[in-house]
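The values are calculated or read from the model by the stated rules, or taken from the named source; none is laboratory data. All values derive from a computational prediction rather than experimental measurement. For neighbour counting, all protein chains shown are included, and Cβ atoms are generated from backbone atoms with ideal geometry for every residue, glycine included. Side chains included, ligands, DNA and RNA excluded: accessible areas come from the protein's heavy atoms. Shrake-Rupley method; radii C 1.70, N 1.55, O 1.52, S 1.80 Å.
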Amino acid sequence: VGRVTDALDALDGFESTDPALTVAALMCRGLAELDRGRPDVAVATLSAAVARADESGHPVLQAFPRGKLAFSMWRLGRAGLRPIVEEALARLPEEVDPLIRADVGFVLGVEALHEGRVDEAVPYYERFLAAAEASREPAAQMGIYGNMGILRRAQGRAEDAIEWCRRAIALARDLHDRTLEVTNAITLATLLFETGQRDDGLALASSNHAATKALGARRPHVWFTHLLVIALLAEGDVDGAAALCVLSEDDLRTDRRGRATYLGGLACVSAARGAIDEADNGLAEVRAEAEALHDLPVDEAVAAFSAWVEVQRARHGRGHRDAQLAAARARADTLRGLWSRFADRVRRMADEVEAG
């Protein structure tokens, strides 16, 4: 059913003399702790899985937890994942199942894609897709289908991306995995907003935002909150956006990129309410995160949030109005896709301020 708390409860007290089962249990617990918002516990648990696998002397078993540890480090924006992945791949024998090799190395493709190195990312995605299809392993197929949606979106192939996301969601439903269903719905909702299907995107984001709380799926909850805050701000509904800005620290610890974009939305709400210093402090933190993460979607979010705050600063007489409005419009002109309606709102606000 995909409930994180149920998974952790089921793993409590688990013991086995089989090293493969022990490592698998530690990996599941580590990933569940990450989704619960306990990153230090997650990394420690996955590191314990690596140590237990190394004790087994089995090279394939040694590779898997290293791949999951590297992925968790990517989610948390921590450095040093590439050496971990390269060591994991080096431990795999030449004759290993291609799906195993593709799975372990896939995080390198994810990292490349988010850093804007799309061409470099493509082989990782296509290798995983080919291996998953050849194996007909449903969990692997579901995982790569959703990720193909993310890849095609980055390539500007929106309709293709939507189809991949729908395939991933359908398979998640077949497997009765609600958490992976809502996780894949994040990309689909984003694509619906980007392709002008605003009402459908809003309905999908709203329904899944409510579901994530019951599931204990904190990371998807953060991302759906982000999408809804952007949508509401684009419509000028500051109060509606503010009502969603109530995430806990545990929520925000599940994904560093999600945390950065959420804090940017919160800064926009503060600015709209006249709390410019508070907005500036929040935006400074988001910019620092963006510099550390080298993540293209986060950079786009920073440009959008900066444009919004700049207009509000001009509105409240905090600086040189003409220069601020020009800077806000210039940033808005760089925004595409998900941020198009948001950029339109920034331009309208700038016009209103200029008209006095």
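Structure summary
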quantity: Scope the range 275-309; condition open to solvent by less than 30 Å² (accessible area, probe 1.4 Å) and touching a Gly at 6+ places or on another chain (Cβ under 6 Å); matching residues; calculated: Val286, Leu293, Ala301, Phe305
quantity: Count - residues of the range 332-356 that are open to solvent by 80 Å² or more (accessible area, probe 1.4 Å) and within 31 Å of the chain's Cα centre (by Cα); calculated: 5
quantity: Candidate set: the range 97-106, residues that are in contact with a Leu (Cβ under 9 Å, 6 or more places away or on another chain) and open to solvent by 10 Å² or more (accessible area, probe 1.4 Å); chosen: the one farthest from Arg82 (Cα to Cα); calculated: Ile100
quantity: Where Gly156 falls short, out of the listed (1) within 19 Å of the chain's Cα centre (by Cα); (2) surrounded by fewer than 18 Cβ atoms within 10 Å (Cβ to Cβ); (3) in contact (Cβ under 8 Å) with a residue 12 or more places away in the chain; calculated: (3)
quantity: Selection from the range 149-196 of residues that are assigned to a helix (DSSP H, G or I) and charged (D, E, K, R); calculated: Arg152, Arg153, Glu159, Asp160, Glu163, Arg166, Arg167, Arg173, Asp174, Arg178, Glu181, Glu194
quantity: Any chance Leu202 is within 26 Å of Arg347 (Cα to Cα), touching a helix residue (DSSP H, G or I) at 6+ places or on another chain (Cβ under 8 Å) and surrounded by 19 or more Cβ atoms within 10 Å (Cβ to Cβ); calculated: no
quantity: Unique residue being at pLDDT below 95 and open to solvent by less than 50 Å² (accessible area, probe 1.4 Å) when the list is Asp250, Asp177; calculated: Asp177
quantity: Which numbered condition Ala272 misses (of (1) surrounded by 15 or more Cβ atoms within 10 Å (Cβ to Cβ); (2) at pLDDT below 95; (3) under 21 Å from Thr225 (Cα atoms); (4) out of contact with any Lys or Arg (no Cβ under 7 Å at 6 or more places or on another chain)); calculated: (2)
quantity: Pair list, Cβ under 9 Å, 6 or more apart: the range 305-318 residue modelled with pLDDT of 95 or more, other residue of a type in the set (Lys, Arg) and part of a loop (DSSP other than H, G, I, E, B); calculated: Gln312/Arg273; Gln312/Arg318
quantity: Leu283 being touching a residue at least 60 places away in the same chain (Cβ under 8 Å) and of a type in the set (A, V, I, L, M); calculated: no
quantity: Hits in the range 212-224 (condition: among the aromatic types (Phe, Trp, Tyr) and open to solvent by 10 Å² or more (accessible area, probe 1.4 Å)); calculated: Trp223
quantity: Residue satisfying condition, being touching a residue at least 24 places away in the same chain (Cβ under 8 Å), buried (at least 23 other Cβ atoms within 10 Å of the Cβ) and more than 18 Å from the chain's Cα centre (by Cα), within set Leu233, Leu227; calculated: Leu233
quantity: Residue satisfying condition, being over 26 Å from the mean Cα position of the chain (by Cα) and in contact (Cβ under 8 Å) with a residue 24 or more places away in the chain, within set Val60, Val110; calculated: Val60
quantity: Unique residue being free of Cβ contacts under 8 Å to residues at least 40 places away in the same chain, out of contact with any helix residue (DSSP H, G or I) (no Cβ under 9 Å at 6 or more places or on another chain), open to solvent by 60 Å² or more (accessible area, probe 1.4 Å) and of a type in the set (Asp, Glu) when the list is Glu137, Glu86, Glu94; calculated: Glu94
quantity: Complete set of residues in the range 225-259 that are within 20 Å of Glu33 (Cα to Cα) and of a type outside the set (Asp, Glu); calculated: Leu247, Ser248, Leu252, Arg253, Thr254, Arg256, Arg257, Gly258, Arg259
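Every residue, every condition in (1) touching a Lys or Arg at 6+ places or on another chain (Cβ under 8 Å); (2) surrounded by 22 or more Cβ atoms within 10 Å (Cβ to Cβ); (3) over 19 Å from Leu81 (Cα atoms); (4) modelled with pLDDT of 85 or more, yes or no:
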{"position": "Val4", "(1), (2), (3), (4)": "yes, no, yes, no"}
{"position": "Leu8", "(1), (2), (3), (4)": "yes, no, yes, no"}
{"position": "Ala25", "(1), (2), (3), (4)": "no, no, yes, yes"}
{"position": "Arg36", "(1), (2), (3), (4)": "yes, yes, yes, no"}
{"position": "Asp40", "(1), (2), (3), (4)": "no, no, no, yes"}
{"position": "Leu46", "(1), (2), (3), (4)": "yes, yes, no, yes"}
